[in-house]
Each structure stands twice: as C-alpha cells, then as structure tokens.
1. Among the residues of the stretch 195-226 satisfying the criterion of being of a type in the set (Phe, Trp, Tyr) and assigned to a loop (DSSP other than H, G, I, E, B), which is least open to solvent (accessible area, probe 1.4 Å)?
2. Name the single residue that is least open to solvent (accessible area, probe 1.4 Å) among those in the stretch 332-342 being in contact with a Ser or Thr (Cβ under 8 Å, 6 or more places away or on another chain) and more than 30 Å from Ala44 (Cβ to Cβ).
3. Suppose we filter the stretch 385-429 for residues that are open to solvent by 50 Å² or more (accessible area, probe 1.4 Å) and either hydroxyl-bearing (Ser, Thr, Tyr) or touching a strand residue (DSSP E or B) at 6+ places or on another chain (Cβ under 9 Å) (or both); how many remain?
4. Go through the stretch 354-384 and give me each residue that's more than 15 Å from Lys151 (Cα to Cα) and open to solvent by 90 Å² or more (accessible area, probe 1.4 Å).
5. Report the residue count in the stretch 270-301 for those that are more than 22 Å from Lys407 (Cα to Cα), touching a strand residue (DSSP E or B) at 6+ places or on another chain (Cβ under 7 Å) and not in a strand (DSSP E or B).
6. So, restricting to helices (runs of 4 or more DSSP H) that lie completely within the stretch 70-139, which ones have at least 3 residues that are open to solvent by less than 10 Å² (accessible area, probe 1.4 Å) and of a type outside the set (Gly, Ala, Ser)?
7. Which residue, of Ala345, Ala351, Ala289, is under 15 Å from Val170 (Cβ atoms), among the aliphatic types (A, V, I, L, M), open to solvent by 50 Å² or more (accessible area, probe 1.4 Å) and without any contact (Cβ under 8 Å) to a residue 60 or more places away in the chain?
8. Thr409 is checked against (1) under 25 Å from Arg61 (Cβ atoms); (2) free of Cβ contacts under 8 Å to residues at least 60 places away in the same chain; (3) hydroxyl-bearing (Ser, Thr, Tyr) and fails just one. What number does that condition carry?
Amino acid sequence: MSKLTRRNFLRDSAATAAGGITIGYFSGASAAQSKSPNEKLNIACVGVSGRGDDNVQGVQRENIVAICDIDDRILARASERFRKATKHNDFRRMLDQQKGIDAVVVSTADHTHAPATAAAIRLGKHAYCEKPLTHTVYEARTITKLAAEMKVATQMGTQIHATDNYRRVVELIQAGAIGPVREAHAWVDSRWHGGERPTAKSEVPAHLHWDLWLGPAPERPYHPTYLPQNWRRWWDFGNGTMGDMACHLVDLIFWALALKHPTTIAAEGPPVHPETAPAGVRVEFAFEARGEQPPVKLVWYDGDKLPGEIHGQKVPGFGVCFVGERGLLWSDYGRHQLLPKEQFASYERPAPSIPKSVGHHQEWINACKGGPKTTCHFGYSGPLTETVLLGVLAYRSGERLNWDPVKFTTGSDKADVLLQREYRKGWTL
C-alpha cells in the first residue's frame with residue numbers, strides 16, 4: 001500500500017499522535033509554490049458531480065485547468081462550463097501528465113479519497129478532500145502525516161464548520177455557559193444500510209469507466225445498485241451512515257471540547273453483515289481530560305438507534321447536545337439553544353471571538369496563496385476522521401476497543417485487521 005514500512009509508520013504516527021509534528025498549513029512556499037493573493041490558482045477537480053459539482057462551484061473563480069470523472073457524460077457537462085480544462089477519467093494519469101497544477105479538489109466516493117489525495121500531496125499540490133477524509137484509519141493517519149511533510153494547505157469538506165452557528169456554539173461552550181462538559185451526544189436519523197451483493201449480470205454503460213470507479217477496492221462486477229449514491233451502504237466503498245454524516249456533527253463536539261484521540265470505543269447494533277452497513281448503531285467514545293477540561297463521554301446514534309429523548313428533551317432528526325454541569329446546549333446546523341430556557345433567560349452571551357469564515361472553500365484558497373491556515377486542515381480533520389472510523393470498527397469487530405494512537409492498535413485483533421485494507425494492483429496510497 002505504501003513505501004512506508006510498518007516500523008517507520010508507527011514511529012512517525014507516534015510523533016503525529018503525540019503532537020511531535022506540526023500539522024496543517026505552513027507559511028512560506030511549498031512544493032506547489034504559494035501564489036500572491038491576486039494570482040489565481042490552477043486547480044484540478046477529481047469527481048465533478050454531486051458533492052463534486054458543489055465543490056467545483058466553490059473554487060470556480062480560480063483557474064479550473066483539469067477535470068476528472070469516471071462518467072463521460074458528467075465529464076462532458078463539466079467541460080461545457082470549463083472549456084479550457086483538460087478532461088480525464090483517471091486521476092493518476094491526470095497528475096502524471098498535467099503540468100502547472102497548484103491544487104487538487106477530491107470529491108470521489110469515499111474509497112478513493114485517500115489514493116487521490118495522497119497522489120496530489122506527494123506531488124506538492126495543495127489538497128481539498130470531501131468528508132470523510134479517508135475510508136480507513138490507516139489512510140487518515142497517513143494523509144495527515146503526508147500533509148505535514150509536504151507543507152501543503154489542506155481542508156476537509158465539512159462545509160458546516162464555516163457557519164456562524166457553529167462558531168457561536170463553540171464560544172458558548174468554551175466560555176463555560178453550561179459549565180464543565182462531561183457528556184456530549186450527536187445523532188442523525190438517515191440510513192445507508194442493507195442489501196446483498198447483486199448476482200444478476202449487468203452490462204457496464206458505455207459512458208462509465210467501472211474499473212476506474214472501483215479504484216483500489218476489490219474487483220466485482222458492475223451493477224446499477226452501486227451508483228450514483230448507494231455505494232455508501234457497502235463496506236468496500238463507504239462506511240454507512242456513520243461514515244457519511246458523523247464528520248459533520250461530531251466536528252462541532254471536537255471543536256468545542258478540543259478533542260483528538262479517544263481512549264475507548266464501544267458499539268452496539270444488529271448482527272454485522274459482511275457486505276453492508278446496519279440500519280442503526282450506537283457508539284460510545286471515552287476521551288481523557290484535556291488541561292482543565294474533564295473527561296468526556298461522546299455518544300453517536302444513527303438510523304433506528306436514535307433515542308426518543310436525551311436528558312428529558314425530545315430528539316429531532318439530527319443534531320448535537322452538550323451536557324454541562326449547569327445545563328444543556330442543543331444545536332443543529334443552523335440553530336442552537338441553551339436549556340432549560342428559564343435558567344438562561346437573562347444569560348449574557350460572550351462577545352463573538354471566532355472570526356467569521358470567508359467561506360469554507362475560500363479559506364482553503366487563501367491558505368494555498370499564503371494566507372491563514374484553514375479551520376479543517378488535515379491536522380484537525382485527520383484525528384476527527386480516525387475517531388469516526390474507529391466507531392465503525394468497534395461495530396464491525398463486535399469488541400470494545402482500547403485505542404492507542406501511538407502504537408496504532410485497538411487492542412483487538414479483529415479490529416486491527418480493519419485499520420487498513422489491501423489495494424488492487426495498480427493502486428497505491
């Protein structure tokens with residue numbers, strides 16, 4: 001999978017986990033030379049439909065010099081908008097052949113996030129990658145380390161992080177509005193789950209490059225059930241609902257409470273299916289004290305595992321709840337509330353202290369040009385992704401995990417096997 005030996009990987013991962021490597025944006029020119037604020041970046045976009053299209057729109061004021069997609073119809077539509085951009089089906093060839101690329105936006109299916117992002121970073125390109133950053137814990141750690149070594153500007157696509165609402169929540173928690181927080185909850189009622197591997201034969205559409213879509217995943221015949229979105233249900237390509245949504249919601253908890261690596265993870269759900277994700281899981285993470293902040297229990301729920309109430313409050317379709325010694329703080333993407341209402345009726349909120357975002361994509365563009373580091377650089381979003389994926393491993397292994405981020409082990413042989421995956425021939429990290 002990588003030129004890294006296990007010994008070197010563990011050594012370097014230990015430094016990263018312990019804070020021995022400065023992660024994220026570095027000032028000064030990188031291998032992809034920093035540009036002046038008035039000079040446009042030359043950006044290549046890998047995956048240009050769905051979230052990919054949204055990300056293209058987020059960076060389209062720069063120079064889109066290359067577009068890549070495994071669907072020729074989608075590629076043709078994108079080419080009508082960016083007529084000067086070269087067209088590619090294989091990001092590996094694009095990066096080998098295209099000169100002058102400064103930065104790369106990756107919006108593929110999850111199983112290809114890390115190979116595409118790593119390929120860009122190894123060439124010194126700044127990188128923006130959709131959430132979750134990677135498909136496996138090993139990939140998250142490796143991508144985090146690569147970004148630090150290559151000194152590139154990075155951003156994970158958790159666009160909600162840029163909202164004013166999230167900023168106000170973080171300020172309230174860090175100002176002690178509800179007192180010390182020892183418990184937090186995050187949930188979503190959506191479900192990417194179920195299904196057996198198709199046995200019926202289907203012809204690969206002429207416009208679709210199926211082998212390139214499979215990328216590093218194990219070879220299997222094409223079937224229309226996988227595309228365009230149902231791949232999220234399948235372990236070979238995604239990680240179910242938790243893989244899809246937890247980076248958005250747990251992000252708020254990570255940010256507000258300055259979390260990094262959990263110590264224990266335990267999950268419950270239906271019997272594990274070898275191919276597809278469950279209709280719901282409940283995962284409990286334990287984090288140690290951080291400075292003056294107490295230990296924290298973080299609980300994730302999805303699908304049919306949502307509780308009816310949390311601390312006496314009815315649970316809506318998605319959101320976050322912080323439980324403090326002096327009250328609760330509930331939030332979704334656009335709203336938040338201190339509870340009980342009467343207790344906080346006269347509460348004087350802290351003055352805004354976290355600067356307003358210039359926009360999630362613009363943060364990254366500015367960082368590429370020598371500006372401030374992004375708020376979801378890989379030094380932050382790498383450990384966030386690791387944590388989410390460890391929750392998936394706790395469910396899939398059926399065992400309580402004792403995570404050692406330095407030794408890179410869960411304490412479970414069944415889970416450790418799932419920390420990384422084998423890539424098909426021709427695909428590397």
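The values are calculated or read from the model by the stated rules, or taken from the named source; none is laboratory data. Note that the structure is predicted; figures quoted are calculated from it, not measured. Every residue, glycine as well, gets a Cβ built from its backbone with ideal geometry; the counts of neighbours run over all protein chains shown. Ligands, DNA and RNA are stripped out before the accessible areas are found, and what is left, the full protein with its side chains, is counted by its heavy atoms. Shrake-Rupley method; radii C 1.70, N 1.55, O 1.52, S 1.80 Å.
1. Tyr226
2. Initial filter on the stretch 332-342 (in contact with a Ser or Thr (Cβ under 8 Å, 6 or more places away or on another chain)): 333-334, 337.
Narrowing further to those that are more than 30 Å from Ala44 (Cβ to Cβ): 334, 337.
Working: Gly334: 58, Gln337: 76 Å².
Among those that are in contact with a Ser or Thr (Cβ under 8 Å, 6 or more places away or on another chain) and more than 30 Å from Ala44 (Cβ to Cβ), it is Gly334.
3. Adding up the residues that qualify gives 7.
4. Answer for the stretch 354-384, where residues must be more than 15 Å from Lys151 (Cα to Cα) and open to solvent by 90 Å² or more (accessible area, probe 1.4 Å): Pro355, Lys356, Val358.
5. So the answer is 4.
6. So the answer is 110-122.
7. One residue alone meets the criteria, Ala351.
8. (1)
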